[in-house]
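Undergrad: The structure under discussion is supplied below as structure tokens; questions concerning it will follow.
The values are calculated or read from the model by the stated rules, or taken from the named source; none is laboratory data. From a predicted model like this one, the values you see are computed outputs, not experimental measurements. Counting neighbours? That spans all protein chains shown, and the Cβs are built from the backbone with ideal geometry, glycine included.
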Amino acid sequence: MRKIIEITNEILLTAFFYALFRFIQSEYLSNSQYNDFISIFYIPAAIRVFSSLLFGYWAAAGIALGLFVDIVYMHPEQFMMSEIIFRMLQVAISLMLSLLIWAKLSTKVTFISNPVIDFEHINAFDILQICLIEAIFNSLTAHIFYIWSPTVHLDFDLYYFAVMLFGDVTGSFLLFVVANVIFSVLKRIPAFARKDHDNTTNNQ
Amino acid sequence: MKIGLASKIYCLLSLLETKHNLSWADGLHRQILMAVLNAQCSGMKYSNQEIVDLNLTSRSSTYRKISDLKQLGFLSEIWDDTTCYLILGPSAVGMLAEADNTLKVMSEKDN
């Protein structure tokens with residue numbers, strides 16, 4: 001029962017952040033949009049990568065749910081129900097495939113069916129690797145969706161594919177770098193240092 | 001080993017700093033001072049050039065930090081022929097003595 005609650009929380013948390021980041025992307029980062037579907041700096045890609053690192057394959061359900069909330073309620077798109085389902089499956093499958101491939105390739109991941117990541121030993125290059133894999137699979141599957149979708153009906157264009165790939169990599173990896181910088185700066189704010197000092201005093 | 005969500009997030013957010021030795025402007029003074037202190041503890045002395053060779057940051061930035069530390073009394077210069085060596089200055093020595101006394105008091109209390 002506890003495990004079910006834990007997984008539900010993970011899915012809801014991922015869905016919330018994915019919907020939130022899609023909202024931020026469409027409301028405040030519209031300058032980076034190349035067209036309606038492709039962006040050169042796509043920050044929700046960061047949530048896809050980091051939720052998969054934190055929650056494994058269950059993150060796929062959260063991402064699909066977050067996407068559903070966004071395209072149905074927050075920014076309704078003129079998709080048919082079959083297209084919405086296909087789109088949700090597309091993001092979920094791309095995330096699961098990228099995690100699976102990364103688990104196969106990386107030496108810092110054990111078990112493929114339920115990947116256990118060695119957080120103590122991963123470095124920025126491992127993060128870049130998963131960002132790249134995720135970007136490749138997402139761009140590929142998204143293009144299959146756009147080509148199939150009767151509403152979008154996009155003709156395959158290598159240039160669009162490259163732009164989308166670039167947008168996913170920059171969105172996820174740059175956000176990772178920015179989050180690291182902000183965290184390092186926050187750690188140096190006296191309030192944090194005081195907290196450590198208090199703990200030390202209490203221990204004494 | 002299974003680690004919690006908070007630990008995973010902490011690992012990811014401090015990854016650049018811990019794994020890639022990402023130095024920040026406010027930490028460079030401390031790093032230079034630590035290098036001088038460690039050298040002095042092991043009976044060595046660093047020259048300005050040797051501090052630059054540690055590649056803590058760019059050459060000009062290292063010289064600026066050394067100059068700041070000298071101004072605040074944390075570093076002093078001693079000359080050996082034509083080479084200028086850096087040693088701990090009166091402020092740093094004072095702070096170390098103060099820390100030493102505090103540690104002595106604490107250890108006496110424990111006993």
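Undergrad: Taking segment A:123-180, which residues are outside any helix (DSSP H, G or I) and within 14 Å of chain B (Cβ to nearest Cβ)?
TA: Result: A:Asn123, single match.
Undergrad: Sticking with this one: Out of all the residues in segment B:34-44, is one or more without any contact (Cβ under 8 Å) to a residue 12 or more places away in the chain and at positive phi?
TA: yes
Undergrad: Regarding B:Thr57, is this residue in a loop (DSSP other than H, G, I, E, B), among the β-branched types (Val, Ile, Thr) and without any contact (Cβ under 8 Å) to a residue 40 or more places away in the chain?
TA: When the stated conditions are applied, B:Thr57 passes them.
Undergrad: Still on this structure: Within the group B:Leu16, B:Leu54, which residue is exposed (fewer than 14 other Cβ atoms within 10 Å of the Cβ), within 30 Å of A:Phe119 (Cβ to Cβ) and either out of contact with any helix residue (DSSP H, G or I) (no Cβ under 9 Å at 6 or more places or on another chain) or not hydroxyl-bearing (Ser, Thr, Tyr) (or both)?
TA: Among B:Leu16, B:Leu54, only B:Leu54 is exposed (fewer than 14 other Cβ atoms within 10 Å of the Cβ), within 30 Å of A:Phe119 (Cβ to Cβ) and either out of contact with any helix residue (DSSP H, G or I) (no Cβ under 9 Å at 6 or more places or on another chain) or not hydroxyl-bearing (Ser, Thr, Tyr) (or both).
Undergrad: Right, next: Cβ contacts < 6 Å: first residue at the interface with chain A (Cβ under 7 Å from one of its Cβ atoms), restricted to segment B:7-18; second residue modelled with pLDDT under 85, any location; separation 6+ or different chain. Result?
TA: B:Leu16/B:Leu22; B:Glu17/A:Ser184
Undergrad: Can B:Ser67 be described as away from chain A (no Cβ under 14 Å), in a helix (DSSP H, G or I) and of a type in the set (Ser, Thr, Tyr)?
TA: Considered against the rule, which asks whether it is away from chain A (no Cβ under 14 Å), in a helix (DSSP H, G or I) and of a type in the set (Ser, Thr, Tyr), B:Ser67 comes out as yes.
Undergrad: Would you check which residues across segment B:75-92 are part of a strand (DSSP E or B), hydroxyl-bearing (Ser, Thr, Tyr) and more than 19 Å from the chain's Cα centre (by Cα) and list them?
TA: Listed by number, the list holds a single entry, B:Thr83.
Undergrad: List pairs: first residue in segment A:100-129 and free of Cβ contacts under 8 Å to residues at least 12 places away in the same chain, second residue part of a loop (DSSP other than H, G, I, E, B) and buried (at least 16 other Cβ atoms within 10 Å of the Cβ) anywhere in the structure, Cβ distance under 8 angstrom, at least six positions apart or on different chains.
TA: Listed by first residue and then by second, the contacts come to A:Val109/A:Pro115; A:Asp118/A:Lys108.
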